[in-house]
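The values are calculated or read from the model by the stated rules, or taken from the named source; none is laboratory data. Everything numeric here is computed off the predicted structure, so don't read it as measured data. Glycine also receives a Cβ, built like all others from the backbone with ideal geometry; neighbour counts cover every protein chain displayed. The protein model used for the area step is the full one, side chains on, heavy atoms only, and it has no ligands, DNA or RNA in it. Shrake-Rupley method; radii C 1.70, N 1.55, O 1.52, S 1.80 Å.
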Amino acid sequence: MGDEFEGLEIAVLIPCFNEEVAVPRVVAEFRRALPAAKIYVYDNASTDRTAEVAARAGAVVGFEPFPGKGNVMRRMFSDIEADIYVLVDGDDTYDAQAAPQLVRELLNKQLDMVNGARVTEIKEAYRFGHRFGNRLLTGLVQEIFGKQFSDMLSGYRVFSRRFVKSFPAISSGFEIETELTVHALELRMKTTEVAIRYKDRPEGSASKLNTLRDGIRILRMIGMLVKEERPLAFFGYAALLLAVLSMGLSIPIIVEFLQTGLVPRLPTAVLSVGIMLVAVLSMACGLILDTVTHSRRELKRLAYLEGRAPQWPAGAQRQAGASEVAASRGMYATRAGADVNAGGAPLPAAVS
C-alpha cells in the first residue's frame, strides 16, 4: 500500500477543536492507512493540548485563531499544497482504513470529490437528532441543487487539487459542508459517494455539534446559497407571493369601485399598489442578479480549470504507456504479417 500512490502528494487535513483525546489516534491510523501522505492538524483555538499531542504524534501542526470549522478549513485550503486532499474530522469517528479506497476512487474515475456517506448501527455515534437534521437538510439541498449526495454533512471527503483551489469558502462554522456540496453541484463537477463505517467517539471526547443551533445556521446557509446561486428563483418566488398578496387586497376594492364608482378604502388601495411595486422590483432584481450569477459561475469555472485533473503518478503512467506501446506493436506486427501474406508492403513498426 505504501507504493500504491507513490509520486502523488497526498495531504490529510484534520481540523481540530479540543480533540486532545482523539487526535493522536486519528493521526496514527491515517499514517498507517496512507504511509506516503503528509498529516496536517490545524488547531482551531483549542483550550486543551490538542496541538501538543498532535505534534508528538507526528503531524504537521498549524493554527487558526478564528473559531469555527469553516474558518480553519479556509486556512488549510489556502496554506497546504498537494495533489490529493483527504479531509477528516479529528474526533476518531471515521474509518481511516477507507482512505485508500476513497483516494483510489477519485483517481480511477478522475473525480473532483468523493464523499464518505456515514453508515452505522451505533445510536450513540449518530444520534437521532443529528440523523433527522441531516436527512432534512440533505433532502432540501437535493430538491434545490441536485440529488447526488445522501449525506451532505459528512466530515470525511477526498478532493482534487482543482476543487480545493477553486473553492471560495465563505462559511465560518459547520455549514461549510453544505457549501462544499453546493460548490460541486453548481460547477457540475465529477463526484461520487462511498459508504463508510461511522463509529462512536472515544471515551473522554465530547461532540462540539449543537443540533438546534448548528441546524439553524446550516438552514440559513442554504437560504443564502439559494439567493446567491438561484437568484431568479429566489426573487421570482418572492415577487409571486407579493403579487398574489397585492391582488388579494385589491380585488374587493376593484369590485366596490365597479359597483359604486367610489374607493372608500384608500389606504388599502395604496398598500396594494405599493406591494405590487415591490413585487415588480423583486422580479427585476432577480433578473439582474441572475446575469451576475452567471458571470460569477463562469469565473469560478475558469479558476477550476486552471488546476490539473487528478491522475495516477508518473511511474504508473509510464507503465501504462509501455503496455499501450507493446499492444500497439503486437497489433501492427499482426497487420504487417497479414499484409505480407497478401503480397502487400508491411506496415512500419510503432515508434516509441
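log10 I(q)/I(0), Debye, Cα-only region 167-284, no solvent, q = 0.13 Å⁻¹?
Those come out to -0.75, one per q.
Quote the relative contact order of region 218-314 in percent (integer), defining contacts as alpha-carbon pairs under 8 Å separated by 6+ residues.
38
May I ask for the equivalent-ellipsoid semi-axes of region 31-147, computed as the square root of five times each C-alpha gyration tensor eigenvalue and listed largest first in whole Å?
25, 20, 16
Only bridges whose two residues both fall in region 61-199 count here: according to DSSP, what percent of them are antiparallel, nearest 5?
Percentage antiparallel, nearest 5: 55.
Leaving ligands and nucleic acids out of the surface, order F63, F163, F257 by accessible area at 1.4 Å, largest first.
Per-residue accessible area, sorted high to low, gives F63, F257, F163.
Can you give the local net charge around I84? Use residues other than it whose beta-carbon is closer than 10 angstrom to its beta-carbon, Lys and Arg +1, Asp and Glu -1.
In short, -1.
With θ set to phi - 60°, apply the Karplus curve 6.51 cos²θ - 1.76 cosθ + 1.60 along region 9-20 and write out the HN-Hα couplings as whole Hz, x wherever there is a Gly or Pro.
Karplus-based 3J(HN,Hα) across region 9-20 equals 8, 10, 10, 9, 9, 10, x, 9, 9, 6, 10, 4 Hz.
Below 13 angstrom from the Cβ of F163, what's the summed charge of the other residues (Lys, Arg +1; Asp, Glu -1)?
+4
What list of ³J(HN,Hα) values in whole Hz, one per residue of region 45-58 in order, does the Karplus curve 6.51 cos²θ - 1.76 cosθ + 1.60 (θ = phi - 60°) give from phi, with Gly and Pro shown as x?
6, 5, 10, 10, 9, 4, 4, 5, 6, 5, 5, 5, 7, x
Treating region 1-43 as a set of equal point scatterers at the Cα positions, no solvent, please give the Debye-formula log₁₀ I(q)/I(0) at q = 0.24 Å⁻¹.
Cα-only, vacuum Debye calculation for region 1-43: -0.80.
Karplus couplings for region 90-95 from phi (6.51 cos²θ - 1.76 cosθ + 1.60, θ = phi - 60°), rounded to Hz, Gly and Pro as x?
x, 9, 6, 9, 10, 7
For Cα pairs less than 8 Å apart in space and 6+ apart in sequence, what is the mean separation divided by the residue count of region 1-136, i.e. the relative contact order in percent?
Relative contact order, region 1-136: 27 percent.
Taking just the C-alpha trace of region 134-185, give me its Rg and Dmax in Å.
So, for region 134-185, Rg and Dmax equal 10.9, 30 Å respectively.
Name the residues whose placed amide hydrogens come within less than 5 Å of the amide hydrogen of G62, ignoring near sequence neighbours (fewer than 5 apart) on the same chain.
Distant-sequence amide H within range of G62: V41, Y42, D43.
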